[in-house]
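Below is one structure, written out as structure tokens, with a few remarks after it.
The values are calculated or read from the model by the stated rules, or taken from the named source; none is laboratory data. In this text, all values refer to a predicted model and were calculated from it rather than measured experimentally. Positions of Cβ are generated from backbone atoms using ideal geometry, with glycine treated the same way; all protein chains shown enter the neighbour counts. Just so you know, the surface numbers come from the protein's heavy atoms only, side chains and all, with ligands and any DNA or RNA stripped out. Shrake-Rupley method; radii C 1.70, N 1.55, O 1.52, S 1.80 Å.
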Amino acid sequence: MKFGVVVFPGSNCERDMADAVSLHLKEESVFLWHEDTDLHGVDCILLPGGFSYGDYLRSGAIARFSPVIESVKAFAERGGPVLGVCNGFQVLTEAHLLPGALMKNASLRFQCEQVDLVVERTDTPFSKTYQSGQRLRLPIAHGEGNFYAEPDVIRQLEDNHQVVFRYAEEVNGSVNRIAGICNARGNVVGMMPHPERNLWKTANNWTGDGQGVFDSVLKFALETVR
Amino acid sequence: MTVASEILAEGKTKVLRPGQDSDEISVIFKDAATAFNGKKHAVIPGKGELNARISTLLFALLAEADIPSCYLRPGAQAAELMYRRLTMIPLEVVVRNDAYGSILKRFSLEEGRPFQKPLVEFFHKTNDDPQIAEAMILELNLVPTQAVLEKVTVLALQINEIFLRFFGERGIRCADFKLEFGFDRNGQLMLGDELSPDNFRLRDILTGAVLDKDVFRLDLADLADTYRTLLSRMQASPLPVPETLQPKTYTAEVYVQSRKNILNPESKAILEGLHSLGYSNVQTVNAGKRFVIQVQSHTLIDAEKRLRQLAETVLSNPVIEDYELRLKP
């Protein structure tokens, strides 16, 4: 299986994403430069964390107009699995691939800490190997992770079970403690916590809880082929 | 023809009646001409219909450029138009490209002298329609805010761009005209009143022939004949006019703020901070961003279109933010 990791000027988690693919999953990964429109035949797209174009305007606001995003949109429309982590999640909302927006944390601080999550949905390409209700411990590192959407959009998200991960406790002011969501079809997932930073035993506070996000893609691929 | 219903208002040249619903009015243009504040008047058969048809053409021209107006559709009678009901701003907004009319009495200018830039003047709709300065307009609360007055000025100049070009392509110089503005029931600012040669000065570019109400004011020719000539020239295909406009630099301010009912964490922190500093009477704070942007464009209409797109799609995120565009005329 071939994974594409999108690289914007300012991305800083793309190596960890690529390592998750090549060292953890033992699959092939390629970097997709933001000015490219060619997806090099990848089967899954990962948008890493960091910053994009400096995020001076709003996180992800400029990245959304980059040439690669047009290809990502077309890929998502064909049902291809797309994961955005942290800044990648912000880009997906700005690009309208996911609803809502990420505002400044209620604390107004950049929050870098370990948080507890509850898995709410286990049939997306990025949450298949988890159990419903399973608790995960993953790191967050963001200044703007405060998920907001209009009340009727939130109701729709909840009614359609589009909340994939929820913070176990209040973290950053997100409505309904939302930490990660998917689109209506379920193939596009965005999350603020960093699963790629909790894969290796050398990581601080290692639990291995991030592995499921990546393992799920392989399980999804096998099921899809069958 | 519908049964003549109650008259809402009757002026020197128009009769207003209620339309099909409470949001509409019927406007019938009378076969009457007046000048010098009503001192000179005459009945001119056919003039009402001509005014209605010329207005319709010009309103359609503005609609093509997305300029909002009161015009809805032609009425059942030839001299009738259906309008959206507006709450009018009591101002006459005069746009001048060349020096004619009342401005010659106020300044010693050669008649017909073109101005370097189009001039926008305001007159208060009271007894003698005196000219009124911006400060006085605000003092008398004739418009709700200064931003609205700026918007009126921008709209007047955008309409001028359209008319200058349209008439120019038909060999006619649009020297000056008068507009009035109002708000619809949703509070949207739009053009009201009529767009007839009663309110314009139009001159043949080559011969200088008068194609507006001045023929009646000055007894130059038959008014209905003149309006008929004008209408047929307006309906003719445009002549090729060389593009001589140089791009201009326009300045705009774009304000981006959290949408109402969304608690912006920064604003909340600032409010709490102000309270702890003893400013206990501060009730709300909404912090936002202000962008000062200069754009190069051939027209004010094009400049606004581009800025609006930029503000809507890039500078603000409509999920959490609203924007306000203030284009400097």
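For the reader, a short list of remarks on this structure follows.
- Identity of the residue in the stretch B:272-304, of a type in the set (Gly, Ala, Ser) and not in a helix (DSSP H, G or I), that ends up most open to solvent (accessible area, probe 1.4 Å): B:280
- Long-range neighbours under 7 Å by Cβ, at least six apart or interchain, first residue more than 21 Å from residue B:256 (Cα to Cα) within the stretch B:292-303, second polar (S, T, N, Q) and open to solvent by less than 40 Å² (accessible area, probe 1.4 Å): B:300/B:158; B:301/B:158
- Against the numbered list (1) without any contact (Cβ under 8 Å) to a residue 60 or more places away in the chain; (2) open to solvent by 50 Å² or more (accessible area, probe 1.4 Å); (3) closer than 23 Å to residue B:203 by Cα; (4) not charged (D, E, K, R), residue B:103 comes up short only at (2).
- Residue in the stretch A:74-85 that is closer than 23 Å to residue A:213 by Cα and within 14 Å of chain B (Cβ to nearest Cβ) present: no
- Scanning the stretch B:227-271 for residues that are of a type in the set (D, E, K, R) and within 14 Å of chain A (Cβ to nearest Cβ) returns B:259, B:260, B:266, B:268.
- Only one of A:15, A:109 that is open to solvent by 50 Å² or more (accessible area, probe 1.4 Å) and away from chain B (no Cβ under 14 Å): A:15
- Residue A:202 fulfils the conditions (1) polar (S, T, N, Q); (2) over 29 Å from residue A:57 (Cβ atoms); (3) open to solvent by 30 Å² or more (accessible area, probe 1.4 Å); (4) touching a residue at least 12 places away in the same chain (Cβ under 8 Å) except for a single criterion, (4).
- Of the criteria (1) surrounded by fewer than 17 Cβ atoms within 10 Å (Cβ to Cβ); (2) of a type in the set (Ser, Thr, Tyr); (3) at pLDDT 90 or above, which one residue B:2 fails: (3)
- Flag if residue B:17 is part of a strand (DSSP E or B), without any contact (Cβ under 8 Å) to a residue 12 or more places away in the chain and not acidic (Asp, Glu): no
- Residue within the stretch A:140-157 that is surrounded by fewer than 14 Cβ atoms within 10 Å (Cβ to Cβ), part of a helix (DSSP H, G or I) and more than 14 Å from chain B (Cβ to nearest Cβ) present: yes
- Counting only residues that are touching a helix residue (DSSP H, G or I) at 6+ places or on another chain (Cβ under 7 Å) and not aliphatic (A, V, I, L, M), the stretch B:151-172 holds 4 of them.
- A single entry from B:33, B:65 fulfils the requirement of being aliphatic (A, V, I, L, M), over 23 Å from residue B:237 (Cβ atoms) and either at pLDDT below 95 or open to solvent by less than 20 Å² (accessible area, probe 1.4 Å) (or both): B:33.
- Only one entry of B:22, B:26 meets the criterion of being outside any strand (DSSP E or B) and either touching a His at 6+ places or on another chain (Cβ under 9 Å) or of a type in the set (S, T, N, Q) (or both), and that entry is B:22.
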